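*Asks:* Right, I'll just put the structure down here and ask away after.
The values are calculated or read from the model by the stated rules, or taken from the named source; none is laboratory data. What you see is a predicted model, and the numbers here were worked out from it, not measured in a lab. Every residue, glycine as well, gets a Cβ built from its backbone with ideal geometry; the counts of neighbours run over all protein chains shown. For the accessible areas, the whole protein counts, side chains as well, though only heavy atoms, and no ligand, DNA or RNA atoms are used. Shrake-Rupley method; radii C 1.70, N 1.55, O 1.52, S 1.80 Å.
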Amino acid sequence: MNLIHDPWIPALRQDGSYCRIAPWQIAETDNPVVELAAPRADFQGGLYQFLIGLLQCVCAPEDGEAWAEWYQSPPDAATLAQQFSVLATAFELTSEAGRPAFLQDLTLEDGEQKDIAGLLIEAPGGKTLKDNLDFFIKGGRVNAICPACAAQALFTLHTNAPSGGVGHRVGLRGGGPLTTLLQPVGQHTLWHALWLNVLEQRHDLYCHDNPLTAAIFPWLTPTRLSDKGGQSTLPGDVHPLQMYWGMPRRIRLQPASTEGRCDLCGDHSDTLVSHYLTRNYGTNYEGPWRHPLTPYRLDKKNEAPPLSLKGQKGGLSYRHWLGLTIEDKDNGDTAASVVQSLVQDKEMYLDSGVQMQLWCFGYDMDNMKARCWYDHTLPVFVLPAAQITALQRWVEALLMPAKEASPLLRKAIREAWYRSPENAGGDVSFIDTEFWQTTENRFYQSVQQLVIAVQSQERLPADVATSWWKTLQHTLEQLFDQYALHTRVEDLDLRRVITARAYLLGKFHSLKTVKALKSDNQRTQEVTHG
Ligand SMILES: [Zn+2]
């Protein structure tokens, strides 16, 4: 199967029909493709990145204007087919050793043979099986898969790769990175959702001449081994476009022979893949990589390399919004380049104030073990740079008191519960989660109001500020009462409860960030970081 020429990508067309398309068909305008239809959530995210990677490699727009032209109307499908066809020889799924096969080690002929289920991120390793911790996939359920699913599995594994034991390398963004993709709101085609995430040439993510090179597609040459005497792979060692095609694992699919039903998508296939070969010490990505589709935490002193944001326990909430969509100065979280490009390159070609959404997804990995898969969408807004900066300051002014109030609530509830709370154990992170969830709707309503206000005024609107601190206060009272009073009668000490409640409200109102929200006519410049 050739992943450039053959129709293998599961998709839905405007009339609701299911189909398989070749990559160039994303530009078809007659009954266009509106969505991908991968058999698994992680494959869906993988396919999006696969197609964005192809577009970035062969048709990165010269500038914002060129980008806007194709956003308004996609290129002719035949033209796109021709542009993609340059890459065809690198996108054969299977071939004999010594000839390139998509995301597979060029020369691997002998290695450990593994069942195909091992390509799935949640595949339990030996220890997980022994400990009976294989929540996602019980051993033996996935035995044989079709070539299309094998391609999706390969891409998804390489791009998310967690550590896989000694010498089995992690992905270029670290194990289980968060990916953030821009999406239009409302009816749109797949083309729009993909093209929004393609970067202009000034980002240096394009190829001047023939893109068919091992510097971009590492499987075109023998693997840069990282065993004893091997080497690490830093950004300067290869082409920046390799970020879309990282290959940390050494894998070779074994020739498929049987036909039948695919255990992942359920479709019938003439060939099914059931095993692969693998060896360790593949490409070891190290150093200051900044993958364009992933947000990073930047070191404030600029000493440590950027750290890709990962899925995390407790999930994403609005407290991450600033860091994922703009920049959170409090912790250094900075939006992915592709999100920044919306303001920097694309804004002037889109309607100001328009809402888009940011699709954030990824695995929450506990080392080699996948805890869960995250899939969230957050609002993002198209605004000129100066207004985005003002919005960022205003949102900080709302977020800081919420960040400071949440630990106060936890502390007060523990003080109401226990005579000596410092000695009482127990995980009370569910209180934080509930605090963030309870205030989430009101937060996004406030942001909507700020987006309108920022287009015509310079000061944080007093009504938004007032309503926000009242929301926080009300939520603190409500959750405190709910948890502090709901304890066993013999443990309830009303005097302790009353003292803790007074402590909570007193502390909250004395927070500098809360006082700032209360002060009339506060100027945006006065917003402090507490
Ligand atoms: Zn399949």
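*Asks:* Binning at 5 angstrom from zero up to the longest distance, how are the C-alpha pair distances of segment 173-247 distributed in percent?
*Replies:* In order of increasing distance, the bins hold 3, 11, 17, 20, 18, 14, 8, 5, 2, 1, 0 percent.
*Asks:* So, in Å, what gap is there between the alpha-carbon centers of segment 331-377 and segment 1-61?
*Replies:* For segment 331-377 versus segment 1-61, the Cα centre distance is 20 Å.
*Asks:* Could I ask something else about it? Please give the calculated 222 nm ellipticity per residue for the chain, where each DSSP H segment of at least 4 residues contributes -39500 (n - 2.57) and the sum is spread over every residue; nearest 500 deg cm²/dmol?
*Replies:* Here the helix-only value at 222 nm equals -11000 deg cm²/dmol.
*Asks:* Okay, moving on. Taking the Cβ of Gly353 as the center, what net charge do the other residues with Cβ under 15 Å away carry, scoring Lys and Arg +1 and Asp and Glu -1?
*Replies:* -1
*Asks:* Counting other Cβ atoms within 10 Å, keep those with at most 12, restrict to DSSP loop, and tell me which trypsin sites (Lys or Arg not before Pro) in segment 439-493 are left.
*Replies:* Arg488
*Asks:* Picking from Pro305, Ser337, Gly315, whose Cα lies most toward the positive end of the charge dipole for segment 300-347 (charges on Cβ: Lys, Arg +1; Asp, Glu -1)?
*Replies:* Sorting the options by dipole projection puts first Gly315.
*Asks:* How many nm is it between the label spots at Cys19 and Ala78, if each spot is 7 Å from the Cα in line with the beta carbon?
*Replies:* Taking the two extended label points, one gets 1.7 nm.
*Asks:* Taking the Cα centre of segment 158-249 as origin, sum charge times position over the Cβ atoms of Lys and Arg (+1) and Asp and Glu (-1), and report the length of that vector in debye to the nearest 20.
*Replies:* 300 debye
*Asks:* Leaving ligands and nucleic acids out of the surface, order Met1, Met348 by accessible area at 1.4 Å, largest first.
*Replies:* The ranking, largest first, comes out as Met348, Met1.
*Asks:* Here's another thing I want to ask about it. Checking the table Lys313/Lys507; Lys313/Lys470; Lys470/Lys515; Lys300/Lys515 against a 20 Å threshold on Cα-Cα, which pairs fail?
*Replies:* Lys313/Lys507; Lys313/Lys470; Lys300/Lys515
*Asks:* I would also like to ask the following. Name the long-range amide H neighbours of Tyr285: under 5 Å, sequence gap of 5 or more, or other chain; modelled H, no Pro or chain starts.
*Replies:* Those qualifying (amide H under 5 Å, at least 5 residues apart or on another chain) are Thr233.
*Asks:* Val489 to Lys403: FRET efficiency via 1/(1 + (r/R0)^6), r the Cβ-Cβ distance, R0 30 Å, to the nearest 0.05?
*Replies:* 0.30
*Asks:* I've got another one for you. Can you run phi through the Karplus equation (6.51, -1.76, 1.60; θ = phi - 60°) for segment 190-207 and list ³J(HN,Hα) in whole Hz, with x for Gly and Pro?
*Replies:* Rounded to whole hertz, the list is 4, 3, 4, 5, 7, 5, 4, 9, 9, 9, 5, 5, 4, 7, 6, 9, 8, 10.
*Asks:* Mind listing the phi-derived Karplus ³J(HN,Hα) values for segment 354-368, rounded to whole Hz, using 6.51, -1.76 and 1.60 with θ = phi - 60°, and x for any glycine or proline?
*Replies:* Here the 3J(HN,Hα) series is 5, 9, 10, 10, 10, 8, 10, 8, x, 8, 9, 9, 10, 6, 7 Hz.
*Asks:* Report the calculated FRET efficiency for Thr107 and Thr438 (r = Cβ-Cβ distance, R0 = 35 Å), to the nearest 0.05.
*Replies:* Using R0 = 35 Å, I get an efficiency of 0.05.
*Asks:* Return the FRET efficiency for the residue pair Glu286, Lys313: r is the Cβ-Cβ distance, R0 is 25 Å, and the value is rounded to the nearest 0.05.
*Replies:* 0.45
*Asks:* Among Leu51, Pro61, Trp8, whose Cα lies farthest out toward the positive end of the dipole of segment 1-87, if unit charges sit on the beta carbon of Lys, Arg (+1) and Asp, Glu (-1)?
*Replies:* In segment 1-87, that residue is Trp8.
*Asks:* Something else about it: Filter the trypsin sites (Lys or Arg not before Pro) in segment 195-265 down to the DSSP loop ones having no more than 11 other Cβ atoms within 10 Å, then list what survives.
*Replies:* Lys228
*Asks:* In segment 328-426, what trypsin sites (Lys or Arg not before Pro) fall in a loop by DSSP, with at most 13 other Cβ atoms inside 10 Å?
*Replies:* Arg419
*Asks:* What does the charge add up to near Ala41, with Lys and Arg as +1, Asp and Glu as -1, over the other residues with Cβ less than 14 Å from its Cβ?
*Replies:* After counting each charged neighbour, the total is -4.
*Asks:* Follow-up. Out of Ile413, Met356, Asn423, whose Cα points farthest toward the positive end of the dipole of segment 349-425 (charges: +1 Lys, Arg; -1 Asp, Glu; placed on Cβ)?
*Replies:* Result: Asn423, furthest along the dipole toward the positive end.
*Asks:* Given H placed on each backbone N at 1.01 Å, which residues far from Ile21 in sequence or on other chains put an amide H within less than 5 Å of it?
*Replies:* Trp8, Ile9, Ala11
*Asks:* Suppose each label sits 7 Å from its Cα in the direction of the beta carbon; what would the Lys470-Ser232 distance come out to in nanometres?
*Replies:* About 5.5 nm separates the two model spin labels.
*Asks:* Got a sec to turn the phi values of segment 506-514 into Karplus ³J(HN,Hα) couplings, 6.51 cos²θ - 1.76 cosθ + 1.60 with θ = phi - 60°, whole Hz, x for Gly and Pro?
*Replies:* x, 4, 4, 6, 8, 4, 4, 5, 6
*Asks:* If you don't mind, another one. Treat every Asp and Glu Cβ in the chain as -1 and every Lys and Arg Cβ as +1, leave all other atoms uncharged, and give the resulting dipole magnitude about the Cα centre to the nearest 20 debye.
*Replies:* Dipole of the chain, to the nearest 20 debye: 1980 debye.
*Asks:* Viscosity 0.890 mPa s, temperature 25 °C: what is the translational diffusion coefficient of segment 280-372 from Stokes-Einstein with a Kirkwood Rh over Cα pairs, rounded to a whole number of µm²/s?
*Replies:* After rounding, the answer is 163 µm²/s.
*Asks:* Between Leu309 and residues 5 or more places away or on another chain, which pairs have amide H atoms under 5 Å apart, with H built 1.01 Å from N, and which residues are they?
*Replies:* Leu178, Tyr296, Arg297
*Asks:* Still on this structure, please answer the following. Counting Lys and Arg as +1 and Asp and Glu as -1, what is the net charge of the other residues whose Cβ lies under 15 Å from the Cβ of Ala336?
*Replies:* 0
*Asks:* Convex hull over the Cα atoms of the chain, averaged projected area in nm²?
*Replies:* For the Cα atoms of the chain, the hull's average projected area reads 27.7 nm².
*Asks:* While we're here: For Asp270 paired with Asp204, estimate the spin-label separation in nm (one decimal), with each label point 7 Å from Cα along the Cα-to-Cβ line.
*Replies:* For Asp270 paired with Asp204, the spin-label model returns 4.5 nm.
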